Amino acid sequence: MTKKPVGWSTRVIHAGREPKQRTGAVSVPIYATTTFELAEVGRSQAGYVYSRTHNPTRSALEECLAAMEDAKHALAFASGLAAIDAVLRSTCRPGDHILLAHDMFSISFRLVDRVLSDWGLEYSMVDQTDLEATRAAIRPNTKVLWTESPSNPLLNIVDLVALGEIAHESGALLIVDNALSSPYLQRPLTLGADVVVYSTKYIAGHSDVINGAIVTDDDLLAESIQFIQNSTGGTPSPFDAWLVQRGAKTLALRMEKHCDNAEYLVEQLQRHALVSQVIYPGLVEHPQHKLAVEQMRRFGGVVGFRVKGGAEAAIRLCNSTELFKLVEGFGGVESSIMYPREMSHSTNANRLEPIPEDFVRISVGIEEPGDLVDDLYRALG
Ligand SMILES: *Cc1c(COP(=O)(O)O)cnc(C)c1O
């Protein structure tokens, strides 16, 4: 009898459990050790030598991350940015070019613009919803097409299948930052991406750990990224790896609730007289709604909207909510609100697609949806 393949949640919950644990512990232990006693010079006991290189708690997380995307390889990092840095240093050489999305997350942009360009990486930006413009922007030395879908914070959707084709036509790689969707809602490797990177905001889900990840099916790429990871040392502690894996086990449940609540809030916000536009890939009027339906299981917990009264009204709203905490970041069980123009995206606002001054971004948590609507309505006045 052939075994039935197990479902997504089953795989994710069981991946990385060591079958031969001595104690039978159902949760992977936190291996708080820097180093491992060797069997003899040049031979480890179980593949572990030094925790920067490999640690069993981190290995368990990496197996879980790979299971989420049905991928061959996953590597965990100390932050999303450490993951992005490692993947770019291993896929590009000084003198190579990378083609960025014009609305990409501005902190990732800062890494390219202010750090990696000093190392010799060339970059340019293009509106990747325009496929012809994207194809035309590829240069002979383009090694990476870098994209986000949905983008943070404007929630644009790009055609990952078409972008993969454009990249591959010229021998470049498609790398997708999938933080905003999470691997539960979107699996870019199945759509043609070569590498997927994460900040684990949603995967970990409880606003208690900074972590990043890289997922790929490519053996050589995985090997070279692992070399950079070990050589530059941007690895998570065993405790952080454990926190991310614990969060990952409930990602499916949380994400369904984030989506339920977001859909409800979108509906209610659209009814409010002071809200001029709601931006959510799940709305039929979103310009790339059809693509979102093709690429995503549901549309996530991050919602953008524009308020009447310009910057002043938007900032007043962000300062006035109670349940929605005014924070950088998204993806926690608690709802949050931010004014991207003067928060996460202020550093590079002049270079990237401008964020409208009346634009507010919320991350819808898993609280009672009625309470969330009340909070926003009260703060909108
Ligand atoms: C937060 C975020 C990052 C950076 O990740 P850190 O874990 O904060 O280093 C990169 N890309 C996107 C889309 C993000 O939201």
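Remarks
- Accessible surface of the chain [probe 1.4 Å, protein heavy atoms]: carbon and sulfur percent: 53
- For the range 84-238: relative contact order, % (alpha-carbon pairs under 8 angstrom, 6 or more apart): 20
- Taking the chain and dividing mean pair separation by its residue count, relative contact order in percent (alpha carbons under 8 Å, at least six apart): 17
- The residues of the chain expose on average 43 square angstrom of accessible surface per residue, using a 1.4 Å probe on protein heavy atoms.
- For the residue pairs K201/K325; K257/K325; K72/K290; K201/K308, the alpha carbons lie more than 21 Å apart in K72/K290; K201/K308.
- Extension gain, S170 to D260, is 28.3 nm, computed as 0.36 nm per intervening residue step minus the present C-alpha separation.
- Inter-part distance where the range 8-74 and the range 302-377 are each reduced to a Cα centre, Å: 38
- Rounded FRET efficiency, nearest 0.05, which uses the C-beta distance separating R378 from S276 and R0 of 22 Å: 0.70
- When the GluC sites (Glu not before Pro) in the range 275-367 are filtered for DSSP coil states and for at most 16 other beta-carbon atoms within 10 Å of their beta-carbon, the remaining sites are E285, E322, E328, E334, E357, E367.
- Net charge, P5 excluded, C-beta distance under 13 Å - Lys, Arg +1, Asp, Glu -1: +2
- Added length on full extension, which subtracts the Cα-Cα distance from 0.36 nm per residue, R110 to E267: 53.0 nm
- Net charge of neighbours whose Cβ lies under 14 Å from the Cβ of G80, counting Lys and Arg as +1 and Asp and Glu as -1: -3
- Shape category assigned to the range 162-266 from the gyration tensor of Cα positions, a/c cut at 1.5: oblate
- Per-pair calculated FRET efficiency, R0 = 22 Å: E223 and L131 via Cβ, rounded to 0.05: 0.10
- Relative contact order for the range 260-381, counting Cα pairs under 8 Å that sit 6 or more residues apart, in percent: 29
The values are calculated or read from the model by the stated rules, or taken from the named source; none is laboratory data. Treat the numbers as computed from the prediction; the structure is a model and nothing was measured. Here Cβ is always computed from backbone atoms with ideal geometry, including for glycine, and neighbour counts include all displayed protein chains. To get the accessible areas, we keep the full protein, side chains included, count just its heavy atoms, and leave off ligands, DNA and RNA. Shrake-Rupley method; radii C 1.70, N 1.55, O 1.52, S 1.80 Å.
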